[in-house]
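Below: one structure in structure tokens.
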Amino acid sequence: MALSTFLVEDNKTIRDNLIPALEDLVGARVIGCAESESEASTWLAAHAGEWQLVVVDVFLKQGSGLGVLRTCKQRRPNQRAVVLSNYVNADIRARCTALGADAVFDKSRELEAFFDYCNDASRTTQ
């Protein structure tokens, strides 16, 4: 069964590359995307039980991925929230973890680890 994934990413080029990579490398099914905190928060609230993985960028067109993490902090045990950003440092990792992120990955250096994590999530959230 495909890993139902919601993507919060404002860069179209990254979305256009990440979606097929998630589908091909992880067997994910991307069920929605958002470019802003408010758009993502609204979707997550309206579809609370429909996703298994949310992938969040920190910097968005409007708002922040940190706000998105707050929105899904009360998620179900089989739902995971992952940060994938170009702006990862010790402070961002700590803030994301404090807000409930299950994992934090740097887009430029940790893509392989990100896909490994997603594959593990696919096996354990079914």
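The values are calculated or read from the model by the stated rules, or taken from the named source; none is laboratory data. What you see is a predicted model, and the numbers here were worked out from it, not measured in a lab. Cβ placement follows ideal geometry from the backbone for every residue including glycine, while neighbour counts extend to all protein chains displayed.
Look at T125 and say whether it is among the polar types (S, T, N, Q) and at pLDDT 95 or above.
no
Here is a follow-up. Test G49 against the stated conditions and say whether it is crowded, with 16+ Cβ neighbours inside 10 Å, at negative phi and of a type in the set (G, A, S).
On the way: crowded, with 16+ Cβ neighbours inside 10 Å: no; at negative phi: yes; of a type in the set (G, A, S): yes.
No, not satisfied.
Among T71, T13, T5, which is farther than 24 Å from R123 by Cβ, hydroxyl-bearing (S, T, Y) and within 13 Å of the chain's Cα centre (by Cα)?
On the way: T13 fails: within 13 Å of the chain's Cα centre (by Cα); T5 fails: farther than 24 Å from R123 by Cβ.
Every option except T71 fails the conditions.
Here's a follow-up. Pull up the stretch 79-94, narrow it to residues that are polar (S, T, N, Q) and within 14 Å of the chain's Cα centre (by Cα), then point me to the one that is nearest to L3 (Cα to Cα).
Q79
With the structure loaded, tell me whether T97 is without any contact (Cβ under 8 Å) to a residue 40 or more places away in the chain, out of contact with any helix residue (DSSP H, G or I) (no Cβ under 9 Å at 6 or more places or on another chain), hydroxyl-bearing (S, T, Y) and under 18 Å from S4 (Cβ atoms) or whether it fails that test.
Judged against the criteria, T97 is not a match.
State all residues of the stretch 68-91 that are over 21 Å from V30 (Cβ atoms) and in contact with a helix residue (DSSP H, G or I) (Cβ under 9 Å, 6 or more places away or on another chain); if no residue qualifies, say none.
Those that are over 21 Å from V30 (Cβ atoms) and in contact with a helix residue (DSSP H, G or I) (Cβ under 9 Å, 6 or more places away or on another chain): R70, V88.
Kindly provide the set of residues from the stretch 100-121 that are at negative phi and touching a helix residue (DSSP H, G or I) at 6+ places or on another chain (Cβ under 6 Å), ordered by number.
Matches in the stretch 100-121: A101, A103, V104, F105, F115, C118, N119.
Another question about this same structure. Could you tell me which residue of the stretch 20-43 is nearest to A113 (Cα to Cα), considering only residues that are in contact with a Gly (Cβ under 9 Å, 6 or more places away or on another chain) and among the hydrophobic types (A, V, I, L, M, F, W, C)?
Taking the candidates together, the pick is A40.
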